[in-house]
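Peer 1: What follows is a structure written as structure tokens; I'll ask about it next.
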Amino acid sequence: MKQVFSSKNRISHMPDPIRSHIVSFLPMKEAMRSSILSRQWRYVCSSLSNLKFDQVDFEKTKKCKRGDFRDFVDETLLSHNGSDIKRFSLTVKLGDTFISSRHLNSWISFAVNHNVQDFKFSFDTWRFKKLPQCLFTSTTLTKLSLYEVELNLPTIVKFPVLKSLLFDDVAFRGENLVNKLLSSSSCPVLEKLVIWYCCCTGINTISISLPTLKYLTLFDTHELTINLVYTVLRELIYICCRPPNITYENLLSVVSAKLHFSVNIGMCATPVNTFFRSASKILVWLRNVEKLFLMSGIIEFLSMDQEFLAGVPSSCCSLKHLHVDMFASEKHAQVMILLSRSYPNLQTLSILVENLYDKATISNIANVDECWKPTQLPPEDILNSLKTVDIENFKGSDGELYLVRFLLENAKILEKMNICCSDGKLETVRCQMCITEILPKFTKVSPHVTISISDILANRVWQYVLYVNGQKKSSSHIYISANK
């Protein structure tokens, strides 16, 4: 039996909500063009729930006259049928004199008046100085993202259902109003807060008091002091100059953390020991963390903390995955060894050795017995669960060798140790010595460990496999194509 195909344009006869949903995946300019296809498509864009206006993308499609983008936004909003808007994104570029504050306030107010849930506003390379007050009292916003604006907050700020708040390159004004914004009185259900590259004129301290907050990212907040109180965080990313002024009990709920300090000690009035001690205090209170990323600033702080170096590390049994950025120095290797004693259930350890050569000691070790050996510890105390170690940017310094030796002598069920030398260092005399004379002589307590050393250079990978499943292999190199 022959199948009969209808010549009818089926997509044009779909219900309007379905056609609007299909069109919503197109760029706004292309979506609006669909309205000229036929009578059925004339009003398909009038009920779009996702509106994205990006002036940079708009002017890439063809040569536009000045004012075209403004007119396009005006016409799109004018043709809207009044239905609710889920997402509204607006990006305006620098120097368009045809777009005034009146236009911007009108567009933002339109989104708020149509019950927008997800609002993103971005200025390209300059700061818009005053957002309309209605934005700060929206009863429907669940996600708010502001880029490159000057935040002059009104006296009344209330986001009753806001769950995600992002500030990127925002200039804050008024300490009391900022602290009010970041409190439960203004954002009673906020769960995620991101403050990225922001500055505060006349503000020295920001206090975050949000009992519902679960995910917090603070990145390069200049010289601000950050107070964290009354939070139950699950994830913390803190990459700032100063250590946070934190109620340490708030860290007990954190399961994932990434930390870095980059303060210039010489420029601070705070006692140096207080700064150094802050890193170890934070680690002590991260008792339930499962994933931890420590950048080199944290390791440097710990290496200067005499109490941490002399004391018995506290135990955190929950940590399973640890990533560390460190320098190729003995001090940092010592910190790493102390940290490994703190995490008895650690399963994966990833290390990036940063390029700070003045902190690395590289001697001419010809005899493995000359390599410093850490204090022997009871075998039941440490590294009972460690299975994988990855070391990137290995240089073969004494500090790195100390650490590798410690791991091999104490990781009882270690399965893989992958060491990657970057920038062609594998072919240097030092790394050749590590491969042929030093590493093969280290004691390995795990009977099934596979140790490989590789070097990515141009389009090739050079790999030396020293041990496979505990069995010693020839140290001659294996050539592997990087494309495989």
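The values are calculated or read from the model by the stated rules, or taken from the named source; none is laboratory data. Quantities reported herein were computed from a predicted structural model and do not represent experimental measurements. Cβ atoms come from the backbone with ideal geometry, glycine included; neighbour counts cover every protein chain shown.
Peer 1: Of all residues in the stretch 82-95, count the ones that are in contact with a Phe, Trp or Tyr (Cβ under 7 Å, 6 or more places away or on another chain) and either more than 29 Å from Ser164 (Cα to Cα) or surrounded by fewer than 17 Cβ atoms within 10 Å (Cβ to Cβ) (or both).
Peer 2: 1
Peer 1: Here is a further query. State which residue pairs qualify: first residue touching a residue at least 12 places away in the same chain (Cβ under 8 Å) and assigned to a loop (DSSP other than H, G, I, E, B) and inside the stretch 86-103, second residue of a type in the set (S, T, N, Q) and buried (at least 17 other Cβ atoms within 10 Å of the Cβ) in any location, beta carbons under 9 Å apart, and separation of 6 or more residues or different chains.
Peer 2: Sorted first by the residue in the stretch 86-103, then by its partner, the pairs are Lys86/Ser49; Lys86/Asn50; Lys86/Gln117; Asp96/Gln55; Ile99/Gln55.
Peer 1: Give Asn179, Asn204, Asn250 a once-over and let me know the one that is more than 22 Å from the chain's Cα centre (by Cα) and crowded, with 16+ Cβ neighbours inside 10 Å.
Peer 2: Asn179
Peer 1: Would you confirm, using the coordinates I've provided, whether Lys192 is at pLDDT 95 or above and either surrounded by fewer than 21 Cβ atoms within 10 Å (Cβ to Cβ) or under 19 Å from the mean Cα position of the chain (by Cα) (or both)?
Peer 2: Here the answer is yes, as Lys192 does meet what is asked.
Peer 1: Taking the criterion of being surrounded by fewer than 17 Cβ atoms within 10 Å (Cβ to Cβ) and within 26 Å of Glu148 (Cβ to Cβ), would at least one residue in the stretch 257-269 satisfy it?
Peer 2: Scanning the stretch 257-269 turns up at least one residue that is surrounded by fewer than 17 Cβ atoms within 10 Å (Cβ to Cβ) and within 26 Å of Glu148 (Cβ to Cβ).
Peer 1: Return a yes/no flag: does the stretch 299-308 have any residue that is under 23 Å from Arg430 (Cβ atoms), in a helix (DSSP H, G or I) and under 22 Å from the mean Cα position of the chain (by Cα).
Peer 2: Yes, some residue in the stretch 299-308 is under 23 Å from Arg430 (Cβ atoms), in a helix (DSSP H, G or I) and under 22 Å from the mean Cα position of the chain (by Cα).
Peer 1: If you check Val189 against the conditions, is it in a helix (DSSP H, G or I) and either of a type in the set (Val, Ile, Thr) or touching a residue at least 60 places away in the same chain (Cβ under 8 Å) (or both)?
Peer 2: Judged against the criteria, Val189 is not a match.
Peer 1: Could you please find all residues in the stretch 316-350 being outside any strand (DSSP E or B) and hydrophobic (A, V, I, L, M, F, W, C)?
Peer 2: Result: Cys316, Cys317, Leu319, Phe327, Ala328, Ala333, Val335, Met336, Ile337, Leu338, Leu339, Leu346.
Peer 1: Quick one: Asp71 ticks every box in (1) within 22 Å of Ile195 (Cβ to Cβ); (2) assigned to a helix (DSSP H, G or I) except a single one, so which number is it?
Peer 2: For Asp71, the exception is condition (1).
Peer 1: Report whether or not Ser314 is over 26 Å from the mean Cα position of the chain (by Cα), closer than 23 Å to Leu233 by Cα and either at pLDDT below 90 or small (Gly, Ala, Ser) (or both).
Peer 2: Yes.
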